[in-house]
Structures are given as structure tokens and as C-alpha cells.
Amino acid sequence: MDESLRQKNTRLVQILVLVVVGMFGFGFALVPLYDVLCDLTGINGKAETVAAEEIAYQVDMTREINVELLTSLNESTPLEFRTETKQLKIHPGEYHTVNFYAKNKTDKVMVAQAIPSFSPGVVAKYFNKIECFCFKQQTFKPGESKVMPMRFVIKPDLPKDLKTITLSYTFFDNTKAAVQN
């Protein structure tokens, strides 16, 4: 009986070790799985982090796209952040520049990064940014304010059923990470 109990305990430990290893592996697989899921469903559109080339498109005057611009801050980011224009009506192929405003509300140097996202996610490949403050980290001196432009175009081959695009920027405080590097 003692040998049988020992075998059962050994088998249970082996199973539990396999479960732990499987859970650990699943944790690593979550990011790529999430990216695939987002690509398939078109949610959480990720924007390019490099400037697109300015190309002369044929402006589609028959269509008007409503572009909504949202700004937010990570809960621990001591900035004031807003856009001067919350909503635009534009024609695909037209270039526009929108200014964003940010101010460091602390008495310390701060490094921050704006992360963009689109809704619906599928529009990310039709929204080309020529110039954007989001391409690199921004350094703010104590109390410093900045006007930061974002120049963009919506490609004319945007699917006809898409009439509203929401572009959201969230600023994150990267000061600690910047100091460590």
C-alpha cells in the first residue's frame, strides 16, 4: 500500500509540473495570439511608428470621412494633453495637419511617449502619418509646453463602408525607463 501511494504522489507531482510548464508557455504565447486575434477581428488597430512618404493622391471629392481625435493619459502621467481639433471632415487623398498640445505639470524633466490606436482597426493601413510626435519619445523640461503637429492622409482606397475613423493617442510617462537606458 505504501508503494502504491508513493506512485500516485509521484504521478500527481508530474502532472502538476506539466500544468505549471504549460501555463508558463501559454503566458509567453499570449502576445502573439492577441496580435493574431486583433488582426482577424480588426480591433485595436495599431499604427505604424515610422513616417510614410508624402505621395500625391487623387483626392476623392465624392466621399467625406469623419475623423475623430481622442487624447488620454496613462493614470501616472503628469501631463496636460489635448488636440486643438477634436473632429475633422476630410476627403480621402487630402493631406491635413492637426496640432496637439502637451504640458509638463511637474517641476522635473519628463520623458513621455504617445501611443496611437485606431478604431475600427482595419483603417490603420489606410491612415498614413507623414509627421507625428508619436514616432519618438518627447522630452519635456519642468513646466514646458509643446505644440506637436501630426500630418496625415487617408488613402483613397479606404473601403467605401468606412465613414468614421477614430484615432486615439495615449501618453505614457517613460522617464524612469529613459533614465535607466
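The values are calculated or read from the model by the stated rules, or taken from the named source; none is laboratory data. Computed from a predicted model, the values in this text were never measured in an experiment. Areas reflect the complete protein model, heavy atoms only, side chains present, ligands, DNA and RNA absent. Shrake-Rupley method; radii C 1.70, N 1.55, O 1.52, S 1.80 Å.
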### Query
Across bins of 5 angstrom width beginning at 0, how are the C-alpha pair distances of the range 92-181 distributed, in whole percent?
3, 12, 21, 21, 15, 11, 8, 6, 3, 0
#### Entry: For the chain: accessible area per residue (Å², 1.4 Å)
64 Å²
#### Entry: Violating pairs (Cα-Cα greater than 24 angstrom) within the set K89/K141; K108/K176; K105/K136; K103/K136
K89/K141
### Protein accessible area in the chain, 1.4 Å probe - carbon and sulfur %
58 percent
### Query
Once the Cα atoms of helix 2-41 and of the chain are each reduced to a long axis, what angle between those two axes, in degrees from 0 to 90 to the nearest 10, is obtained?
10 degrees
### Query
When the helix-only estimate is applied to the chain (DSSP H runs of n ≥ 4, each -39,500 (n - 2.57), divided by the residue count), what is the mean residue ellipticity at 222 nm, nearest 500 deg cm²/dmol?
-9000 deg cm²/dmol
